[in-house]
1. Show me the helices (runs of 4 or more DSSP H) entirely contained within segment 119-213 in which 2 or more residues are among the β-branched types (V, I, T) and more than 16 Å from the chain's Cα centre (by Cα).
2. Checking the conditions here, which among S178, S204 is among the hydroxyl-bearing types (S, T, Y) and free of Cβ contacts under 8 Å to residues at least 12 places away in the same chain?
3. Keeping to segment 127-146, report how many residues are closer than 11 Å to A71 by Cβ and either in contact with a Cys (Cβ under 8 Å, 6 or more places away or on another chain) or open to solvent by less than 10 Å² (accessible area, probe 1.4 Å) (or both).
4. Of the residues that sit in segment 53-66 and are within 17 Å of V139 (Cβ to Cβ) and not aliphatic (A, V, I, L, M), which one is surrounded by the most Cβ atoms within 10 Å (Cβ to Cβ)?
5. Just for segment 41-52: of the residues that are closer than 20 Å to W185 by Cα and of a type in the set (A, V, I, L, M), which one is most open to solvent (accessible area, probe 1.4 Å)?
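The values are calculated or read from the model by the stated rules, or taken from the named source; none is laboratory data. All of these numbers come straight from a predicted model, not from anything done at the bench. Backbone-built Cβ (ideal geometry, glycine too); neighbour counts: all protein chains shown. When the accessible area is computed, the model is the full protein with side chains, heavy atoms only, and any ligands, DNA or RNA have been set aside. Shrake-Rupley method; radii C 1.70, N 1.55, O 1.52, S 1.80 Å.
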Amino acid sequence: MKHIHKPGAHDALSVEPSIHETSQMLDSYAGEWTSIGPYNHIVESKIGAYTYTMDDVTINYTEIGKFTSIASHVCINPVNHPMDRVTQHHMTYRRAGFGFAVTDDETIFNWRRENRVTIGHDVWIGHGAIVMKGVNIGVGAVVGSGSVVTKDVEPYTIVVGVPARPIKKRFDQETIDSLLQIAWWDWPREVLEERFMELNDTQSFIKKYGGAR
């Protein structure tokens with residue numbers, strides 16, 4: 001399912017997703033208050049509420065949570081070529097376009113679909129980062145600019161480098177556990193509006209809402 005709203009230069013965001021007119025979403029879904037930037041190419045993916053992408057982002061076969069921030073030139077789940085064949089050129093599976101067969105080879109596309117990426121809520125992915133196939137990035141994690149993520153990332157962990165490696169946690173484990181338990185990203189809009197001004201002070205936020213949903 002796909003909703004499309006083509007925003008003007010000064011439009012505010014709204015419940016209806018904002019998808020730039022230069023972007024393509026193929027068999028994909030964008031939730032409420034989302035913003036898809038210019039020249040994005042998104043294939044068979046689901047993007048959660050409030051998540052945004054900047055320009056020149058590629059997303060294939062991916063589940064993305066709410067409130068996630070994706071910088072420009074990010075590539076999520078770059079598709080693999082069949083390296084075990086005589087040739088890895090895409091003519092062997094996009095064969096119809098080259099006139100070698102009447103239909104394409106769906107086994108390759110199904111293989112790609114089986115290696116989906118999962119990105120949690122409130123994740124920040126920096127400029128030019130690449131997230132490889134099958135990776136799971138936990139809630140609240142940070143992927144540094146230019147990083148190549150080849151392994152799963154734990155919640156609230158900052159990873160950098162090629163390949164990406166953890167350098168530290170955003171918070172101590174007790175704070176992380178409390179935030180995961182509160183799960184503020186699942187609050188309905190009216191609750192988020194009511195408590196919005198409290199999002200800037202982590203410890204008082206946990207003290208007040210820990211144990212509450």
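1. Values: elements: 173-182, 189-195, 202-209.
In segment 119-213, the matching helices (runs of 4 or more DSSP H) lie at 173-182, 202-209.
2. Values: S178 fails: free of Cβ contacts under 8 Å to residues at least 12 places away in the same chain.
Within the list S178, S204, the selection yields S204.
3. 2
4. So in segment 53-66, the residues within 17 Å of V139 (Cβ to Cβ) come out as 62-66.
Next, from what is left, pick out any that are not aliphatic (A, V, I, L, M): 62-63, 65-66.
On the way: T62: 21, E63: 14, G65: 23, K66: 21.
Checking each candidate, the answer is G65.
5. Let us first name the residues in segment 41-52 that are closer than 20 Å to W185 by Cα, namely 45-52.
With of a type in the set (A, V, I, L, M) added as a condition, the list becomes 47, 49.
Numbers: I47: 1, A49: 21 Å².
Applying the filter and picking the extreme gives A49.
Every residue, every condition in (1) in a loop (DSSP other than H, G, I, E, B); (2) in contact (Cβ under 8 Å) with a residue 24 or more places away in the chain; (3) open to solvent by 70 Å² or more (accessible area, probe 1.4 Å), yes or no:
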site: H73; (1), (2), (3): yes, yes, yes
site: P78; (1), (2), (3): yes, yes, no
site: H81; (1), (2), (3): yes, no, yes
site: D84; (1), (2), (3): yes, no, yes
site: M91; (1), (2), (3): no, no, no
site: V102; (1), (2), (3): yes, no, yes
